[in-house]
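Presented below is the structure to which this report refers.
The values are calculated or read from the model by the stated rules, or taken from the named source; none is laboratory data. All of these numbers come straight from a predicted model, not from anything done at the bench. Cβ placement follows ideal geometry from the backbone for every residue including glycine, while neighbour counts extend to all protein chains displayed. To get the accessible areas, we keep the full protein, side chains included, count just its heavy atoms, and leave off ligands, DNA and RNA. Shrake-Rupley method; radii C 1.70, N 1.55, O 1.52, S 1.80 Å.
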Amino acid sequence: MEKLINLEVYSPLDLGLFGVCCIFWFLVYIIVIINIIKHKVVEIPVAAVVANFSWELLWSWCFHTNLGELFQWGYRIWFFMDIFIIYSIFKYGHKQFQLEPFKKQSVVITAFGLAFWMIGLYFLIPEHDTDGFGAFSAYLINTYMSAFYCYQIIRQPGFGISNANGWFKMIGTAGCSAMIYNHFWNIPGYKGLMALCAITLFLDLWYIYLQYSRVGVRSSEGKMNFVPA
């Protein structure tokens, strides 16, 4: 029987920091889902959703973390929440595209993106996620996601509906990054992963700056204005 938490490989500090990551990303998903229901808009870039959903599906059901069964179910909770988000991307994702041909083909683009990431990660994970809990592939996606967050809010200042989302995303990812630095600092072969952690933190801080520097993102009726920057 799998252990609830793996204290043979990871210290209580490691698991506590990763727990912070799980909790704050859970809050990000809650905010995103609330804003989908309220505003009919997905507050995660389309390109990031398809990559993130693919990772969560594979790490929930095809691969198994060595952090312990508690964290395996944490991955699965993320996955179940993400089902609604990916459904909403198919329904509302066209609002993120600027060019009319892409708007019309948003469902096809989303489906292709899902297939691309699902196949790519399925073969990449066994070869490169030597950390035991999917950190390398997760940070490839997280860096990509954070870059698209910044790009999307520059293109559409109304994209980042909730300032709390930016903070929770940054804190959650920083918790995982702190765990990685604490656990892998003296282990050869993980400097690239640590570099991705640092790049992601920079992009997340930039996104928060962009959120607070927006001007006139709401109309007089309180609706979000999705217009190019």
Inset, instruction - Using only Cα atoms, tell me the angle between helix 12-39 and the longest principal axis of the chain; keep it within 0 to 90° and round to the nearest 10. - result: 20 degrees
Inset, instruction - Return an integer: the convex hull volume of the alpha-carbon atoms of the stretch 56-177, in Å³ per residue. - result: 116 Å³
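Quick one: pull the percent of accessible area on the stretch 20-110 belonging to carbon and sulfur, 1.4 Å probe, ligands and nucleic acids left out.
Ligands and nucleic acids excluded, carbon and sulfur give 76 percent.
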Inset, instruction - With everything on Cα atoms, drop me the angle between helix 106-128 and the longest principal axis of the chain, reported from 0 to 90° to the nearest 10. - result: 10 degrees
Inset, instruction - Sort out for me the Cα centre separation of the stretch 34-73 from the stretch 137-209, rounded to whole Å. - result: 15 Å
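Just to confirm, what accessible area per residue do you get for the stretch 1-140 at 1.4 Å probe, in whole Å²? Mind dumping the intermediate values first?
On the way: 6780 Å² over 140 residues.
Value returned for the stretch 1-140: 48 Å² of accessible area per residue.
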Legend entry - Degrees, to the nearest 10: 191-212 long Cα axis against longest axis of the chain: 30 degrees
Inset, instruction - If a cysteine in the chain has no other Cys Cβ under 4.7 Å from its own Cβ, put it on the list, ordered by number. - result: CYS22, CYS62, CYS150, CYS197
Legend entry - Lysine pairs with alpha-carbon atoms under 14 Å apart, the stretch 1-144, spacing 8 or more or separate chains: 6
Inset, instruction - Place a +1 charge on the Cβ of each Lys and Arg in the chain and a -1 charge on the Cβ of each Asp and Glu, then give the dipole magnitude about the Cα centre in debye, rounded to the nearest 20. - result: 1040 debye
Inset, instruction - Could you give me the radius of gyration and the Dmax of the chain, taking only the C-alpha atoms into account and expressing both in angstrom? - result: 17.7, 58
